[in-house]
Structure formats: C-alpha cells, structure tokens
Amino acid sequence: MTKSNLPSEELRSYCLSLVEIKALRIFNVIECRSFLFLPVFMTVSDEIAVFTCLNEQELAEVEKIIRRKLKLIRQVSKEELFDLIDYVYSKLGLKLETAKTEKPQISHPVIPELLASKEGELLKNLLEYQVSNSISDLYFVPLKSGVEVSIKTAMNTTSKSTELLSEEAYSKILNILKVLSNLNFATSAPYLEGSFRLTLFGNQYSFRVSIVSTLHGKTTTIRQLSRSEMLDLTELTPIKSQIGILLELLKQPGKLKFIAGPMGSGKTTLLYAVLKQFAKTNFVITIEDPPEIDLEEICQIPVRKDFDYACALKAVLRHNPDHIALGELRDSQTLKTAEQACALGHSILATIHAGDLVAFRTRIEALSGNWDLLKPNITCVVFTRLYPKICQKCRIVDLKNSELENKTLFTSPGCERCSFTGVVGKILIFEIYSGGSSFQLEGLSFKEQCASLARKGLIRIA
C-alpha cells in the first residue's frame, strides 16, 4: 500500500489505468461514497483492490459489513477519493448516482444481505412493529450491562424491553443503520443524523436516524416519518372547520406565517400537508435540515454546513416561488432575511418551538430583539397538538367520566388490534391566531376541539 502524493490529473490517470469494469460493477457510486472506497480490480485471491481514505483497521470494519475481502492498494484523502469515484464511474459510462442528492435504495445485493443477517432480521422486525403500531420513536440505549431497546407509544409513554442486546449485536445493527442512512460509519464524530426508506408490508416508509455518543456507547433514535400519501389535511384532523380558516390565512401573499408547538406535536406534518395542498397550483420551495419526507410536487433544498438557512433563503428569492417554507427558524440572521423577503412580497412559512403565544413572543424576541417591529409582519401563528386516537374496535362508554361530566364520553380497555394500548395512531388538532396589531383566536380553541372529539369518541379525557 502506498499513500497518494500525485497531482489530481496524474492520480486520475493512474487510477483509471488500473480499473476493471468487473470490480466497479460490484458497488454503485452511492455505496462507494458510503463505504469510503473505490473498487479498482479483483486480485487472484478474489480480494477487491481499493483506493480509500480509511486505514487498515477501519477497512476491516467495512469488510464485516459487506462480507468481502478488501485489499488497500493506495490511500488518498477523502476529497481525492470522492473526485476519483465520480471521475472513474462517469468516464467509463456507468450510471453516476451522486450521494448528495439521492438516498440509497435497496436495489443492490449488499443491503438485502445485511437485512437477511440475524441482526438485520431483528432490526427489520423492530421496524415492522414500529409501523404496524404507529410508534413514533424507537430507541437503542447503551447501558453498562447491555443495550436497552425501548419505544415511545401513542400515549407518549415509554415501554422498555425486558431483555438487553449484546454490544456485538448492537454494533452490527448500528452499522446496518449507517449503511441504510448513507452515513460514514468510520467517523468518530459524536453526532450523526440521516434518513432512509424501507419497504415494509408492501408500502414504503421513511425513517430519521439520530446517533449520539454517550458515556457507555452510542445511543440511537429511529423516528417514523409520515408517508407522503398520508399528508392529507382532511385525514389528519377531523375538525373540518379549522382547515378552511388555516388555508385562508396561510395562502395570503407576503408576510410571515408560523407553525408552532413543542417537540413531537405535529408541526412538520402539518407544514408538509399544507405545502402539498398549495403545490397543486403554486410553485413551492422548502429549505430543510434535512428534508424529512420526499415530496415530488415540491422543490426541497437541504441545508449544509456551507449553505445554511439564511444563505439558502437568499438564493431562492431569485426563483420567485409562491411560497417558501423553512424547516425550522433557529437564528436571528434567518429571521432577518425572512423579514426582508416578506418586504419584497414573498410568503414565508416556518416552524418554531413554542407551546403558546407567550412562549412564541419570548422566542421571537430572543431571535429578533424587537417584537413590536416584527409583529405587524406576522399573518398568523398556528399551534399544533397530537392526541392519541381511541381504538374504535374496543371503544366503550366511560361511565365514570360520563357521569362526572354529565355527557357521554368514551374509553378503550385495549384489544389485539391496538396491542392492548387502547389507542391506534394520533389525531392532529391546531389552534389558529391571526396576527397584526394584536393576536386573535380564529376558529376553535384546543379545549373546544378536545371536547368535540371526546363526544365523538375519538379521544378520551383523562
């Protein structure tokens, strides 16, 4: 093995002179970028000779995942490697699928083989359980004695596994997740985030993966994202009168519109549903970190280190979209740019973490410093909440609460359909405040909507 010290063009020519099509066809470009190597030729002992930016130890980890022997023949920098991958595949006329714009699809033999392993089967079973029971989050938590698997149910309670995973099994599951999410598994970064799509029960589901280093290892959260075909406002909320008010305010030209709420309250789901509705007759651009759901109707721009929200927002203004959506309003520069865009007549929608009007004002003041100047530029603020939906199969009249409230209310003891939790999925409701000199409630309050849903037997009042 030698380390590269050749100029770019000479390195390209040297690499191209060694390449065999047979070796290149084993992996596509996305997998080469993910595994951080370029297959060059097959040795007489059936090893794959590679150019890579990894060391011998890191390459050995790759071998465990792909189940092929690799031979390091030249070490290059990461930038050189990516340049060589793109150059060689395009030069030889092979399909160039850039990892920057596409997610790895389960079409190459390597990934199905990973999912067919013992650990892959376990991961797939957990994901199937997650989607079939409408579980929002799946957790892997490393402890001293092993790795605990837990879930966040529709009732926002956490259920923990009785048996712990071994560190070896969890390490393999973690590597499979990194490959699926197109993450660099060789990095020592304390935090990684990615996403992947997987076909389960004949439908394609999207998941977001977050990996964080802790005292006892790496903790992992897998969040199930809404499917694009499920982003129908009439299906998300049963309060139909609210939908008309919402769309009327959000489609107004110019000014800022906010969708607010605590974490996990359905802000992004509502934003996507609204944008999907707007995209039928309008040009819509989103700026996200990262895009959570791939929507064909919408132009989605991912944020990068060298291309943050503020830079992206400035760039898209020249495209003159009808609506611009920000995945999350995080800093004062983005807010300032959004204000300037509104002054030019652009419609800006953004999500922000705030549970009520007081918290919203506090958050805006922390970002802009002048609430009174910004307030006239806000069309509306929409606060979201998710409520567990009563299982309709085992629903019964709640005699105790019905007597106390002097009206018929419902509960659900649990059955096989709802895995004995009493709930199936969640219902999204939202409270709308129009902006201007003062904020006014439009439509129904959360309390009024909850009372209506409880009477219909869709949610239960604790």
Looking only at Cα atoms, what is the convex hull volume of the chain per residue, in Å³? 180
Measure nothing but the geometry: give the 0 to 90° angle between the long axis through the Cα atoms of 332-343 and the longest principal axis through the Cα atoms of the chain, rounded to 10°. 60
Expected vector for region 271-278, Karplus 3J(HN,Hα) from phi with 6.51, -1.76, 1.60 and θ = phi - 60°, integer Hz, x for Gly and Pro, equals 4, 4, 5, 5, 5, 5, 5, 5
So if I take the alpha carbon set of region 318-462, get Rg, then get Rh from the Kirkwood formula, what is the Rg over Rh ratio? 1.13
Cα long-axis angle, helix 56-66 against the chain (0 to 90 degrees, to the nearest 10): 60
Sort out for me the Cα centre separation of region 206-248 from region 2-73, rounded to whole Å. 39
Quick one: which of 267-275, 358-366 comes out on top by average Cβ neighbours within 10 Å, and what's the full order, highest first? 267-275, 358-366
Here the relative contact order (percent) of region 112-225, from C-alpha pairs under 8 Å and at least 6 apart, is 24
Contact order normalised by residue count of the chain, Cα under 8 Å, 6+ apart, percent: 11
Ranked from fewest to most other Cβ atoms within 10 Å of their own Cβ, CYS391, CYS418, CYS53 fall in the order CYS53, CYS391, CYS418
Region 164-170 - phi-based ³J(HN,Hα) in whole Hz, Karplus 6.51/-1.76/1.60, Gly and Pro as x: 9, 7, 6, 4, 5, 5, 5
Rg ratio (alpha-carbon, reference 2.2 N^0.38 Å) - region 259-368: 1.02
Which whole-angstrom value gives the distance between the alpha carbon centres of region 309-360 and region 370-434? 29
Any idea what angle helix 118-132 forms with the longest principal axis of the chain, computed on alpha-carbon atoms, 0 to 90 degrees, nearest 10? 20
No solvent, one uniform scatterer per C-alpha: report log10 I(q)/I(0) for region 112-225 via the Debye equation at q = 0.15, 0.16, 0.17 1/Å, two decimals. -0.62, -0.71, -0.82
The set of cysteines in the chain having no other cysteine's C-beta under 4.7 Å reads CYS15, CYS32, CYS53, CYS299, CYS311, CYS342, CYS380, CYS450
Could you work out the helix-only [θ] at 222 nm for the chain, with each DSSP H run of four or more residues adding -39,500 (n - 2.57) and the total divided by the number of residues, to the nearest 500 deg cm²/dmol? -10500 deg cm²/dmol
Each label point is 7 Å from the Cα along the Cα-to-Cβ direction; what then is the distance between the points at GLN333 and ASP306, in nm? 1.5
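Each value in this text was obtained by applying a stated rule to the coordinates, not by laboratory testing. Computed from a predicted model, the values in this text were never measured in an experiment. Virtual Cβ from ideal backbone geometry, glycine too; neighbours counted across all protein chains shown.
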